[in-house]
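Novice: Okay, here's the structure, questions in a sec.
Quick note: the coordinates plus some simple rules give every number you see, no bench work behind them. Fair warning: this is a prediction, and the values are worked out from it, not measured in the lab. With ideal geometry, Cβ positions are generated from the backbone for all residues, glycine too; neighbour counts draw on all protein chains shown.
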Amino acid sequence: MTFASLVRRRTAVAASAAVTVTAVVVLSPIRDGRAGSPPLPLVSLDTLARVRASGPAGAVGPEGVPMASGEALARQRVVVDGERIDGITCQTSEQVLFHIHAHLVIVVRGVARQVPAGIGIATPYQVAPTSRGAFVAGAACFMWLHTHTADGIIHTESPIVRTYTLGDFFDIWGQPLDRRRVGPAHGRLTALFNGRVFTGDPRAIPLLAHAQIELEVGGPLLAPEHIAFPVGL
């Protein structure tokens, strides 16, 4: 969809990045959204030895979400029209039967790194300049998982209802993901999901609506970033 149509649908609301280091009481199991799915492997943040407060939020980007101040973690994989990755297709128009958004933060040794714009989008990009930065508005094709800007918002725009995972997204990005590696960054991984520690395979983290996911490689560990999703996301 074009940036102009997104502007009509979305109110650009500045996001706040509030942090918390208090323990979280789990009142009920968290499931991945599928009927009969098992609870996600989550434990309280207070199981970590030491968590530092994160720094101030970066500048707000075109989607109304703060952008990491560090450089991009890694370049995008080149995708082409009709390509399929993990059963996900690059199609000439965005599919909106199933349309949700999640937010991904990546921290490497205490420094927040950008998730680049254009993941899952075929070049050449049609870039819409805005007062808050560039927005990839059009292209030859879009994977059902993609990024329009470098703010960490993962767009799920799919013709089918499916629980997509962080592993799917990293495969589209063309970067490895496991307990000891996030793209080119090596080290012990601490994965956070909605303010709790995710103890399972990071590739299995579900991209649920408004999920707040943080991957921290090495230390020092930072308190999870929390954004307010703008209207329309």
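Novice: Pull up all non-local amide H partners of ARG52: gap of 5 or more, or a different chain, and H-to-H distance under 5 Å with H placed in the peptide plane.
Specialist: The answer is LEU221, LEU222, ALA223.
Novice: Give me D for region 34-101 in µm² s⁻¹, whole number, from Stokes-Einstein with Rh from the Kirkwood sum over alpha-carbon pairs, 20 °C and 1.002 mPa s.
Specialist: 123
Novice: Which of the three applies to region 90-233, rounded, prolate or oblate, going by the alpha-carbon gyration tensor with a ≥ b ≥ c and a/c under 1.5 meaning rounded?
Specialist: Prolate, since a/c reaches 1.5 and a/b exceeds b/c.
Novice: Another one. What spacing in nm lies between the two simple spin-label points modelled at ASP178 and ALA59, each 7 Å away from Cα in the Cβ direction?
Specialist: Placing both labels 7 Å along Cα→Cβ, they lie 3.8 nm apart.
Novice: Once you put a point 7 Å from the Cα of SER93 and another 7 Å from the Cα of HIS186, both along the Cβ direction, what distance in nm separates them?
Specialist: 4.7
Novice: Could you list which residues have their amide H under 5 Å from that of HIS226, counting only those 5 or more apart in sequence or on another chain, with H placed in the peptide plane?
Specialist: Residues meeting the criterion, in which the H sits 1.01 Å from N, are ALA18.
Novice: Continuing with the same structure: Label-point separation (nm) for ASP86 and THR123, each offset 7 Å from Cα along Cα-to-Cβ?
Specialist: Between ASP86 and THR123, the label points sit 2.3 nm apart.
Novice: Could you calculate the FRET efficiency of VAL78 with SER44 from 1/(1 + (r/R0)^6), where r is the beta carbon distance between them and R0 is 45 Å, rounded to 0.05?
Specialist: After rounding, the FRET efficiency stands at 0.65.
Novice: Where nothing but the Cβ of Lys and Arg (+1) and of Asp and Glu (-1) is charged, how large is the charge dipole of region 164-208 around its Cα centre, in debye to the nearest 20?
Specialist: Values: 6 positive and 4 negative charges, 51 e Å.
Computed charge dipole of region 164-208: roughly 240 debye.
Novice: Relative contact order (percent) for region 91-233, with alpha-carbon contacts under 8 angstrom and 6 or more residues of separation? Can you show the working numbers first?
Specialist: Details: 318 pairs, mean separation 41.8, N = 143.
Normalised by residue count, the contact order of region 91-233 is 29 percent.
Novice: Moving on. From the Cα gyration tensor of region 24-176, with a ≥ b ≥ c the square roots of its eigenvalues, which class applies: rounded if a/c is under 1.5, or else prolate if a/b is larger than b/c, or else oblate?
Specialist: oblate
Novice: Enumerate the calculated ³J(HN,Hα) couplings along region 134-140 in order (Karplus 6.51 cos²θ - 1.76 cosθ + 1.60, θ = phi - 60°), each rounded to whole Hz, writing x wherever the residue is Gly or Pro.
Specialist: 7, 10, 6, 9, x, 5, 5
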